[in-house]
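Okay, so here's the structure we're looking at.
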Amino acid sequence: MLLTNRRHRLLFGALAGLEISWYLPFLALLLTYWAPRAANSIDTVLDSRFDRLSLLTSQPLLALALIWAAMLLYMLLVDWLNRRQIDTPARQIIILAAFAATSLLAIAGLLYPVAAWFSTRWILGTLTAIFNFTNGLRPELVILLLNFFLWFRVATFTDRGLSFFSVGVTFRVAMLLALLGNGLLTTLGGAPASVAIQYFVATIVLGLLAVALARVDDKAQAADQQVAHSAGALLPWSRVGHMLAIIALVAALALGGAWLLTPDTVRILLGWTMPLWQFLGAILGRVLIAVLIALTPFFEWLAALIQARLTEIPPAPPLEPMVFDEEFVSLGDVIDRSYLFRYCLVTGAIVLALGLLWLFLMRTQRRRRAAGDEETARETAQAVQGRGLGLDRLRTWFNMLRRYGVGSQLLAAVSVENIYANVLRMAARQGVRRAPAQSPDRFLPALIQLFPDHAPALQRITNAYLRVYYGGREIAAPELAQIKADYQAIRTANRTANRTANRTANRTVNRTVNRTTRAAPPAPTGPRE
């Protein structure tokens, strides 16, 4: 996810910062809105703990940078688990354990810096903050909410699309959430406007950076069909500097426009154009009066009709006052008085949150397995062989949908076409390409010559592709499983062959370099004349 492609590495980092920039105003609002309620109690220690979290409103950019760095570390941990191919349920258990460990470490390090690590003081404080939430928000709960959000977004980052369109949609949604969160932070939370401006500018800058990187990645994929196997080369540093300068210019123009378009400036502009507005107002007022005079008979007829209909409605009987025999009890009173109900409610919320995190981790694991099994490409088999995108591709998908309908057979047909396309890619990387006018059965001998140990598997894959693409026939589930196993064997053999070839080439280069170094005469070390 992060370590394999350099462009995607920067793009995921920008998206992570974008997520945090719109989330922190809501967290700061929760902190500023509920902290005074908890601080009403005579507890100076509690006040000092809230002061440690006041970084969200006193130094918003510093808080954003620190939390952004923590989220990047979480993403690196999940990426390391993906690269180690740790299977279910060990992967999910490790991530849940990491969530619990990082939460407790953050609470102990930020709120109880002088307490011993094995002291029960901060553990009891954390449990009290979770289960006695009716007494007011405590800083331990704020840290837990923040850490859960970070891990939850990290768990769903693998499912995020990196296309220019999807990143653009993410940026627009983040802008709306930033507007809402910063507006509530200044109105309900009473935070200074400078804090909201800093969060909002950070959202704009990080969003523009993510959109620009997504556009660069789309262009690179269009230029290189093998981008999924590349290292994700970046732009030259001069172009990166231009991109960052343009983003800074846009942010500066936005700040300048916000500084100029104040109520006083608007009043001055309206004062300069006041004669025009007075002239237009006089004309529109006379036109409106003329329209109302013309519609006066209609309004009088409508009023008489409504009055006549109202006289036909019988008067409603008087309502008897409602008498309550018992005292009204709200849901908040029930939660506050019933300890068992409150504990069950909090336990259910914790189980639900962990279940959602587990569900997203399982979904990410399944998608990663599917991507590893088939290497599902962005292009169909037609597009890879040079038959074009656009209308041809849409026509192909429409024909497949018309043949197989929406169901398992459509997915089986798509899987067969993707498998055959991936086999053609492996052959193309080794210099064996299928001509546009060459049929799959005539190209089969070239594939067998390239992979001689897998002739039956290549025969089965080619026959299945002919049946799906040209015949429109269905593929049974056992046959599809066999084709997937055949492709996996070919793919493993191809990787092994590539590694062996790379090692042999590296050894040859090293031997040549060593021989050249030994044969070269030593450099003179004496003084020059």
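Computed from the coordinates by the stated procedures, all read-outs in this text should not be read as laboratory data. What you see is a predicted model; the values in this text were computed from it and never measured. Note: ideal-geometry Cβ built from the backbone for every residue, glycine included; neighbour counts use all protein chains shown.
Peptides 411-418, 171-178, ordered by how many other C-beta atoms sit within 10 Å of their residues on average, highest first, read 411-418, 171-178.
Order of 255-268, 14-27, 70-83 by packing, highest average Cβ count within 10 Å first?
Highest-to-lowest ranking by the protection proxy: 14-27, 70-83, 255-268.
Sequence-ordered 3J(HN,Hα) estimates for segment 143-148 from the Karplus curve with 6.51, -1.76 and 1.60 and θ = phi - 60° stand at 5, 5, 5, 5, 5, 5 Hz, glycine and proline given as x. A Förster radius of 56 Å, combined with the Cβ-Cβ distance separating residue 470 from residue 156, puts the computed FRET efficiency at roughly 0.90.
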